[in-house]
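Trainee: Sharing a structure, written as C-alpha coordinates. Questions coming.
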Amino acid sequence: MIQTIYPYLTFVDEGQEAIKFYENAFDAIVLNVQLFGDMPPNPDYPIPEEAKDRVLNAHLKVGDTTLMISDSFPGSDKTPTKGNSNVSIAITINNPEKTKEVFNKLKQGGTVTIPLQETFWSPAYGQVRDKFGVTWQVSTEVEEEK
(Lines give C-alpha, C1' and ligand atoms only; values in the text may rest on other atoms or scores of the structure.)
Protein backbone atom coordinates (compact mmCIF):
# COMPACT_ATOMS: atom_id res chain seq x y z
CA MET A 1 0.00 0.00 0.00
CA ILE A 2 1.29 3.47 -0.87
CA GLN A 3 1.81 5.56 2.24
CA THR A 4 2.41 9.02 0.77
CA ILE A 5 3.69 11.03 -2.16
CA TYR A 6 5.54 14.32 -1.91
CA PRO A 7 7.63 16.66 -4.03
CA TYR A 8 11.39 16.21 -4.07
CA LEU A 9 13.26 19.16 -5.57
CA THR A 10 16.86 18.80 -6.76
CA PHE A 11 19.13 21.79 -7.36
CA VAL A 12 22.64 22.49 -8.57
CA ASP A 13 24.46 24.01 -5.58
CA GLU A 14 21.39 26.07 -4.57
CA GLY A 15 19.98 23.68 -1.97
CA GLN A 16 20.92 25.79 1.06
CA GLU A 17 19.39 28.90 -0.55
CA ALA A 18 16.28 26.95 -1.58
CA ILE A 19 15.74 25.68 1.98
CA LYS A 20 15.73 29.24 3.32
CA PHE A 21 13.53 30.48 0.46
CA TYR A 22 10.84 27.83 0.92
CA GLU A 23 11.05 27.99 4.71
CA ASN A 24 10.15 31.67 4.42
CA ALA A 25 7.62 31.36 1.58
CA PHE A 26 5.64 28.53 3.18
CA ASP A 27 6.28 29.14 6.90
CA ALA A 28 7.85 25.69 6.71
CA ILE A 29 9.56 23.90 9.56
CA VAL A 30 12.97 22.52 8.64
CA LEU A 31 12.96 19.03 10.15
CA ASN A 32 16.49 18.09 9.15
CA VAL A 33 19.31 18.87 6.73
CA GLN A 34 22.09 16.47 5.82
CA LEU A 35 25.05 17.63 3.76
CA PHE A 36 27.25 15.58 1.46
CA GLY A 37 30.06 16.30 3.92
CA ASP A 38 28.07 14.48 6.65
CA MET A 39 28.36 11.17 4.79
CA PRO A 40 30.84 8.62 6.16
CA PRO A 41 34.04 8.60 4.12
CA ASN A 42 34.21 6.06 1.31
CA PRO A 43 37.59 5.73 -0.46
CA ASP A 44 35.84 4.43 -3.60
CA TYR A 45 33.63 7.56 -3.77
CA PRO A 46 35.44 10.49 -2.15
CA ILE A 47 33.40 13.65 -1.63
CA PRO A 48 35.00 16.61 -3.43
CA GLU A 49 35.64 19.62 -1.20
CA GLU A 50 33.25 21.77 -3.26
CA ALA A 51 30.43 19.29 -2.56
CA LYS A 52 30.73 19.01 1.22
CA ASP A 53 28.37 21.95 1.88
CA ARG A 54 25.83 20.83 -0.70
CA VAL A 55 22.52 19.46 0.54
CA LEU A 56 22.35 15.68 0.47
CA ASN A 57 18.80 15.59 1.83
CA ALA A 58 16.52 18.06 3.58
CA HIS A 59 13.00 17.59 4.95
CA LEU A 60 10.71 20.58 5.36
CA LYS A 61 7.26 20.33 6.92
CA VAL A 62 4.74 22.41 4.95
CA GLY A 63 1.31 22.09 6.50
CA ASP A 64 0.60 18.35 6.52
CA THR A 65 3.08 17.71 3.69
CA THR A 66 6.79 17.02 3.42
CA LEU A 67 8.88 18.94 0.92
CA MET A 68 12.25 17.36 0.24
CA ILE A 69 15.27 19.17 -1.18
CA SER A 70 18.71 18.12 -2.32
CA ASP A 71 21.58 19.25 -4.50
CA SER A 72 22.92 17.11 -7.29
CA PHE A 73 26.31 15.52 -6.79
CA PRO A 74 29.03 17.39 -8.71
CA GLY A 75 29.65 15.73 -12.06
CA SER A 76 26.50 13.65 -11.73
CA ASP A 77 24.72 12.73 -14.94
CA LYS A 78 21.50 13.56 -13.08
CA THR A 79 22.12 17.30 -13.01
CA PRO A 80 18.67 18.91 -13.12
CA THR A 81 17.71 21.61 -15.55
CA LYS A 82 15.91 24.75 -14.48
CA GLY A 83 12.21 25.02 -15.17
CA ASN A 84 10.95 21.55 -16.03
CA SER A 85 7.82 22.72 -17.84
CA ASN A 86 5.81 19.49 -17.59
CA VAL A 87 5.72 19.46 -13.79
CA SER A 88 4.13 21.92 -11.39
CA ILE A 89 3.40 21.71 -7.69
CA ALA A 90 0.00 22.74 -6.41
CA ILE A 91 -0.32 24.33 -3.00
CA THR A 92 -3.74 24.90 -1.46
CA ILE A 93 -4.28 27.49 1.25
CA ASN A 94 -7.48 28.11 3.21
CA ASN A 95 -7.23 31.91 3.37
CA PRO A 96 -7.04 34.37 0.42
CA GLU A 97 -4.73 36.77 2.30
CA LYS A 98 -2.28 33.96 3.10
CA THR A 99 -2.51 32.84 -0.53
CA LYS A 100 -1.51 36.35 -1.63
CA GLU A 101 1.38 36.38 0.88
CA VAL A 102 2.74 33.00 -0.32
CA PHE A 103 2.31 33.95 -4.00
CA ASN A 104 4.18 37.23 -3.47
CA LYS A 105 7.06 35.44 -1.72
CA LEU A 106 7.31 32.82 -4.48
CA LYS A 107 7.39 35.42 -7.25
CA GLN A 108 10.42 37.24 -5.78
CA GLY A 109 13.07 36.75 -8.45
CA GLY A 110 10.69 34.56 -10.44
CA THR A 111 8.10 34.95 -13.19
CA VAL A 112 4.33 35.15 -12.84
CA THR A 113 2.72 32.94 -15.47
CA ILE A 114 -0.88 33.48 -14.32
CA PRO A 115 -1.51 36.49 -12.06
CA LEU A 116 -3.23 35.81 -8.76
CA GLN A 117 -6.93 36.27 -9.47
CA GLU A 118 -10.44 35.12 -8.65
CA THR A 119 -11.60 32.15 -10.72
CA PHE A 120 -14.80 30.14 -10.81
CA TRP A 121 -13.14 27.49 -8.59
CA SER A 122 -11.13 29.70 -6.25
CA PRO A 123 -11.25 33.19 -4.73
CA ALA A 124 -7.48 33.45 -5.38
CA TYR A 125 -5.54 31.34 -7.91
CA GLY A 126 -2.31 32.00 -9.78
CA GLN A 127 0.79 30.35 -11.17
CA VAL A 128 4.37 31.41 -10.66
CA ARG A 129 7.74 30.01 -11.69
CA ASP A 130 10.07 30.79 -8.78
CA LYS A 131 13.69 31.89 -9.03
CA PHE A 132 14.80 28.25 -9.05
CA GLY A 133 12.60 27.40 -12.05
CA VAL A 134 9.96 25.49 -10.04
CA THR A 135 6.38 26.14 -11.16
CA TRP A 136 3.79 26.53 -8.39
CA GLN A 137 0.01 26.59 -8.70
CA VAL A 138 -1.13 28.61 -5.70
CA SER A 139 -4.80 28.37 -4.83
CA THR A 140 -7.26 29.24 -2.10
CA GLU A 141 -9.81 26.65 -1.09
CA VAL A 142 -12.31 27.85 1.47
CA GLU A 143 -14.99 25.74 3.05
CA GLU A 144 -18.51 26.72 2.12
CA GLU A 145 -20.67 27.91 4.98
CA LYS A 146 -23.48 25.52 5.83
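Trainee: To the nearest 0.05, what FRET efficiency results for Thr4 and Glu118 with a Förster distance of 25 Å applied to their C-beta separation?
Mentor: That gives a FRET efficiency of 0.20.
Trainee: Roughly speaking, to the nearest percent, how much of the chain's 1.4 Å accessible area is carbon and sulfur?
Mentor: About 50 percent, which is the carbon plus sulfur part of the accessible surface.
Trainee: Quote to one decimal, in nm, the extra length available between Asn42 and Asp13 on full extension: 0.36 nm per residue of separation minus the C-alpha distance between them.
Mentor: 8.3 nm
Trainee: Can you tell me the 0 to 90 degree angle between the C-alpha axis of helix 15-26 and the longest principal axis of the chain, rounded to 10?
Mentor: 20 degrees
Trainee: Same structure again: Label points 7 Å out from Cα along the Cβ direction at Glu97 and Glu49: separation in nm?
Mentor: 5.1 nm
Trainee: Something else now. Could you list the residues of region 1-44 with an amide nitrogen less than 20 Å from a label point located 7 Å from the Cα of Lys61 in the Cα-to-C-beta direction?
Mentor: Residues 3-9, 19-34 fall inside that zone.
Trainee: Under 8 Å for C-alpha pairs, at least 6 residues apart: give me the relative contact order for the chain, rounded to a whole percent.
Mentor: 21 percent
Trainee: At 1.4 Å probe radius, can you tell me the per residue accessible area of the chain in Å²?
Mentor: Each residue of the chain exposes 65 Å² on average to a 1.4 Å probe.
The values are calculated or read from the model by the stated rules, or taken from the named source; none is laboratory data. Nothing here was measured: the structure is a model prediction, and the numbers come from that model. Every residue, glycine as well, gets a Cβ built from its backbone with ideal geometry; the counts of neighbours run over all protein chains shown. For the accessible areas, the whole protein counts, side chains as well, though only heavy atoms, and no ligand, DNA or RNA atoms are used. Shrake-Rupley method; radii C 1.70, N 1.55, O 1.52, S 1.80 Å.
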